[in-house]
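**Student:** Below you will find the structure I want to go over with you.
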Amino acid sequence: MRYRRAIPVVLAVATALVASACSKSDSAGAAGDTITFGVSGPVTGPNAEYGRLWKQGFDLALDKLNAGDGVAGKQVVLKWEDSQSDPKQTVPIAQKFADDDSVIAELGDFSSPASMAASPVYQRAGLVQFGFTNSHPDFTKGGDHMWSTSLTQDTLQRANAGFVAQKAKNIAVLYQQTDWGKAAFDIFSDEAKNLGLTIDYSAQFLPDSTDFRPLLIKARDAKPDAVVHLGYGPDGAAIVKQLRDVGYEGQFYGGQNTPEFVDLAGAAGEGDIITGAFSVDDPRPAVQEFVKAFKAKYNEEPGDFNLYAYDALITLATAVQKGGATRDGVQKGLQETAEFPSVQFGTLKFDDQRRPENPEVKELVLTNGKFTIADGESAAG
């Protein structure tokens with residue numbers, strides 16, 4: 001059902017992205033009046049929802065950046081390539097961007113494995129790869145041109161274990177059977193042990209799985225205080241629904257702050273807890289300004305991946321203003337700018353791993369179809 005509902009949206013977004021790339025980017029190098037960033041991301045395929053959310057965030061940022069005189073007197077445009085977040089496709093896309101002199105930095109890809117497969121190409125080309133959703137701890141180790149505003153799994157899963165330990169002692173954990181999922185589980189289980197949590201049952205699942213009941217029955221029969229999911233929004237929604245179907249009534253930790261997860265999980269997701277760094281009820285003025293602008297443009301509230309895309313594009317534009325509209329200029333701007341404006345972080349500073357410095361992680365609870373900040377719950381990164 002998820003795929004049937006997504007097909008018209010995916011086709012519409014794909015058409016819009018291709019048209020945008022052809023109309024705006026083909027003459028970028030010759031015209032000299034544009035700043036072109038490449039985007040490698042899922043426009044079609046099972047992760048297309050994330051590409052749709054990215055586009056909303058990017059387009060809102062473009063509205064802001066291209067108002068008036070633009071950035072350094074130029075208009076910012078995006079050149080999209082549909083990777084389906086598949087490592088086999090991200091490598092040729094990276095080479096295409098590397099060979100295109102108009103592209104001065106790249107945004108993406110969605111998953112860490114997809115980005116990391118392409119990192120050597122970007123590094124050799126001296127082209128910044130801005131993996132703003134890449135939480136694998138090793139992503140930025142691919143070279144000094146790999147940058148990310150994503151919190152690492154080390155930060156997220158240690159905070160996650162801390163939140164779980166406040167409400168549970170014995171738990172079951174289900175995690176994706178991928179390099180990313182294994183890294184997340186290893187970090188989570190290590191911190192769980194430090195905090196006195198006992199993992200009575202754990203199991204891996206394939207990213208494209210649809211029937212989780214055999215695993216969930218075993219998880220239920222372990223009688224845990226809570227079930228923890230380490231994965232993405234669609235599989236998290238299926239897991240929490242099927243978990244309730246097999247009769248488990250305890251606390252669920254998992255899924256993502258996306259419209260797709262909330263919609264697919266439905267009533268089964270109520271009370272779900274996740275770790276995150278953004279909520280629409282955050283009272284900070286920058287957050288409320290972003291939420292207001294997003295709602296005015298799209299008539300809906302933003303989620304995590306809208307914000308990640310918005311902040312990423314603002315960050316690269318700020319680097320251009322500091323270092324210049326060239327590949328070397330973007331790298332220089334990222335290295336030499338002390339503080340970047342950021343809705344998510346307030347003020348963004350990069351550490352020596354080219355990651356956000358001292359990020360704060362919040363505990364978010366799904367209440368009445370919206371993730372809200374739990375009462376005073378946060379953990380320093």
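Coordinate-derived values only; no laboratory data. Worth saying up front: this structure is predicted, and the values here are computed from it rather than measured. Neighbour counts run over all protein chains shown; Cβ positions are idealised from the backbone, glycine included.
**Student:** Select from the stretch 272-336 those trypsin sites (Lys or Arg not before Pro) which occupy a DSSP coil region and have at most 15 other Cβ atoms within 10 Å, ordered by residue number.
**Tutor:** Listed in order of number, the matching sites amount to none.
**Student:** Counting just the Cα atoms, what span does the stretch 55-94 cover along each of its three principal axes? Round to the nearest Å and put the largest first.
**Tutor:** Each principal axis gives a Cα extent; for the stretch 55-94 these are 40, 19, 8 Å.
**Student:** If you take the alpha carbon radius of gyration of the stretch 309-358 and divide it by 2.2 N^0.38 Å, what ratio comes out, to two decimals?
**Tutor:** Computed over Cα atoms of the stretch 309-358, the ratio equals 1.05.
**Student:** May I ask for the distance between the Cα centers of the stretch 132-195 and the stretch 31-49, given as a whole number of Å?
**Tutor:** Spelled out, the Cα-based centre of one part sits 27 Å from the other.
**Student:** Over the Cα atoms of the stretch 262-381, compute the convex hull volume and normalise it per residue, giving Å³. Write out the running numbers ahead of the final one.
**Tutor:** On the way: hull volume 15.4 nm³, N = 120.
Normalising the Cα hull of the stretch 262-381 by residue number yields 128 Å³.
**Student:** Write down the percent of antiparallel bridges among all DSSP beta bridges whose residues are both part of the chain, to the nearest 5.
**Tutor:** Of the beta bridges lying entirely in the chain, close to 30 percent run antiparallel.
**Student:** Out of all Cα-Cα pairs in the stretch 278-326, roughly what percent, to the nearest whole number, are more than 19 Å apart?
**Tutor:** Counting pairs separated by more than 19 Å, the tail of P(r) holds 33 percent.
**Student:** Can I ask one more? Using a basic spin-label model with each label point 7 Å from the Cα along Cα→Cβ, how many nm lie between R284 and E339?
**Tutor:** Going by the 7 Å Cα→Cβ label model, 1.2 nm.
**Student:** Which of the three applies to the stretch 169-281, rounded, prolate or oblate, going by the alpha-carbon gyration tensor with a ≥ b ≥ c and a/c under 1.5 meaning rounded?
**Tutor:** rounded
**Student:** Mark the label point 7 Å from the Cα of A203 along Cα→Cβ and return the residues of the stretch 245-264 whose backbone N is within less than 14 Å of it.
**Tutor:** 245-248
**Student:** For the stretch 37-177, what's the radius of gyration and Dmax over Cα atoms, in angstrom?
**Tutor:** 17.1, 58
**Student:** Sticking with this one: Assuming 0.36 nm per residue, please report the length gained on full extension of the stretch A72 to T347 beyond their Cα-Cα distance.
**Tutor:** 96.9 nm
**Student:** Could you give the DSSP H helices of the chain that reach 15 angstrom or more along their long axis (alpha carbon positions) and whose average Kyte-Doolittle hydropathy is no lower than 1.0?
**Tutor:** TM-like helix candidates: nothing returned.
**Student:** With 10 angstrom as the radius, rank R284, R355 by how many other C-beta atoms surround their C-beta, starting from the fewest.
**Tutor:** So the residues, fewest neighbours to most, are R284, R355.
**Student:** For the chain, compute Rg over Rh where Rg is the Cα radius of gyration and Rh is the Kirkwood radius from the inverse mean 1/r over Cα pairs.
**Tutor:** Radius of gyration relative to Kirkwood radius: 0.96.
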